[in-house]
Amino acid sequence: MEGEEDYGFSEEEEYYYTDDGDSHDGLADNDDSALQWAPPKGSTTKVITKESLLAAQREDLRRVMELLSLKEHHARTLLIHYRWDVEKLLAVLVEKGKSCLFTEAGVTVVENVDDDVPLSSSSTITCDICIEDASSDNATRMECGHCFCNNCWTEHFIIKINEGQSRRIQCMAHRCSAICDEAIVRNLVSRRHPNLAEKFDRFLLESYIEDNKMVKWCPSIPHCGKAIRVEEDEFCEVECSCGLQFCFSCLSEAHSPCSCLMWERWSKKCLDESETVNWITVHTKPCPKCYKPVEKNGGCNLVSCICGQSFCWVCGGATGRDHTWSRIAGHSCGRYKEDREKQTERAKRDLYRYMHYHNRFKAHTDSFKLESKLKESILDKVSVAEERELRLKDFSWVTNGLNRLFRSRRVLSYSYPFAFYMFGEEFFKDEMTDEEREIKKNLFEDQQQQLESNVEKLSMFLEEPFQQFSQDKVMDIRMRVINLSVTIDTLCQKMYECIESDLLGSLHLGTHHIAPYKSKGIERASELSSCWNTKLGSTDEYLPSGGTSEHDRPSGSGSSDDSGCSYRKRAKKEGGGFFDLNLPAEIVDRN
């Protein structure tokens, strides 16, 4: 076969990977639909913007309000307490009952309508905080029944908002854990500090993100202003609409098959000077006088520091300068000191082990960067090939192969930090015997080696100048690229299954979780619709004071989708207008 002679592969290498006797030889004759990289229709991750944040919040609020027949601020208090986990809230309701559910969250539901009647306009009350009389017009009673003057309430609210406790402001009364009505807080604070009331509104709105374990801000720099919501598992990798791919659990770069804890340790290990310290430990010894590290550059064991102190290289003890070829005058260190020798050997072994894994991690990371730069040149080859009069008109196999190469190269790169910690002693020293560790290490490295070999072959074929080849040779490369793409996908799946079942799954320590492997790559989050049911009121209720309602907007001020939902960019606050929900609160406050 011509391709075998050109690329140096024997008949045994024709099928790069087989599973239960199945081969991929016939894939070249089929269409490339199995390798298409379009994201799945039902995306499980959603991008949340200002409009969709309101919609998402109201969706959960409506569920709780309808189920428990509550007012909106009571439903919000419950959801904030249970971190916007409706399922957990319902579980507590079933297990402990409504009364316990409300008590734990600080919700006071007024059953007696008489308690909700406002104070008489002619009456006065004595405020228990400032011990001054106040007219009924200047006093407010909360649903828990406690009544204080408006000045004290306002000061209390201002302090709590500035302390960052605006999501759950409790009543001022002693030992009262009831949460204050957000409408009263907003009304009293806005009279004295409109900007602070606006900040209060913002914190309530952002609680859906800040207090929700299934919703997190995109960690892009500069901040894109969007948040991501996942529907199922928080241990996953996502792609924001701004293009950033990241681990949803720890918000660092996508790093599977490394667990978050492994990647955190590996990143720190690569950035700090720990390995420099290891090198110094192995190759130098401290001067007994000035304690500076001294490197030996000759064969004699009598070493002199730049401070003038002489010492014995073997034991590190201070000596005089008199010596012969066999001994140092007045000094003997022939006794074996086990601890020091063990420490030196261990440091040397750890350093070489780290260098082994780091060199391979960096090699694949560098290859990924170079292949990403080659993408444009490879696509240029496709353009040239499409202009030629060939029977083969569809070159989607090239882009599909490229995407498979990028994905598998990334998996390979992060598999080395995983192996460094999986088979080391830092995390799992007591979880496996030496024999079990060696067996599992060999199993993983066999799969790693298979994947590595096929990835390099795929990279080689994609870099071939196929735009210059004959039609038969192009067809042969196409077949090989498609076969390798399927093979690599299968190998990646096998590696993840091995990690989840045979390696991490067999351990008692359940602190390490990895994002699942997705054949089509990291899922790109889709826009969450910003439409909501109008049962709970108009949009204007959720806009901060000074905001603009949908009806007040000039025509053409925003774009709409097919369902009529408006999407428009929020304006930054200027002189008391909008506040920009595209940025977290701390960024806005600094500005």
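The values are calculated or read from the model by the stated rules, or taken from the named source; none is laboratory data. Just so we're clear, the structure is a prediction, and the values are computed from it rather than from any experiment. For the accessible areas, the whole protein counts, side chains as well, though only heavy atoms, and no ligand, DNA or RNA atoms are used. Shrake-Rupley method; radii C 1.70, N 1.55, O 1.52, S 1.80 Å.
Over the range 335-514, the reciprocal of the mean inverse Cα-Cα separation, the Kirkwood hydrodynamic radius, stands at 18.9 Å.
Put the Cα centre of the range 65-98 next to the Cα centre of the range 205-267 and the gap is 26 Å. Listed by chain and number, the lysines placed with their C-alpha closer than 16 angstrom to that of K199 are K50, K160, K572, K573; residues fewer than eight positions away on the same chain are left out.
Ranked from largest to smallest solvent-accessible area, with a 1.4 Å probe on the protein heavy atoms, H283, H174, H512 come out as H174, H283, H512.
Given a 1.4 angstrom probe, what's the average accessible area per residue across the range 119-193, in square angstrom?
Here the per-residue accessible area is 54 Å².
Of C312, C242, which has the most accessible area with a 1.4 Å probe, and how do the rest follow in descending order? Can you show the working numbers first?
Numbers: C312 5, C242 65 Å².
Sorted by accessible area, descending: C242, C312.
Given the pairs K292/K348; K348/K429; K373/K494; K457/K518, which span a C-alpha to C-alpha distance of over 26 angstrom in this model?
On the way: K292/K348 20 Å; K348/K429 19 Å; K373/K494 29 Å; K457/K518 22 Å.
Beyond 26 Å: K373/K494.
For the range 119-193, what ratio Rg/Rh do Cα atoms give with a Kirkwood hydrodynamic radius? Before the final figure, lay out the partial values.
Working: Rg = 11.9 Å, Rh = 12.6 Å.
Radius of gyration relative to Kirkwood radius: 0.94.
Residues whose amide H lies under 5 Å from that of S249, counting only those 5 or more places away or on a different chain, are C236; hydrogens are built 1.01 Å from N in the peptide plane.
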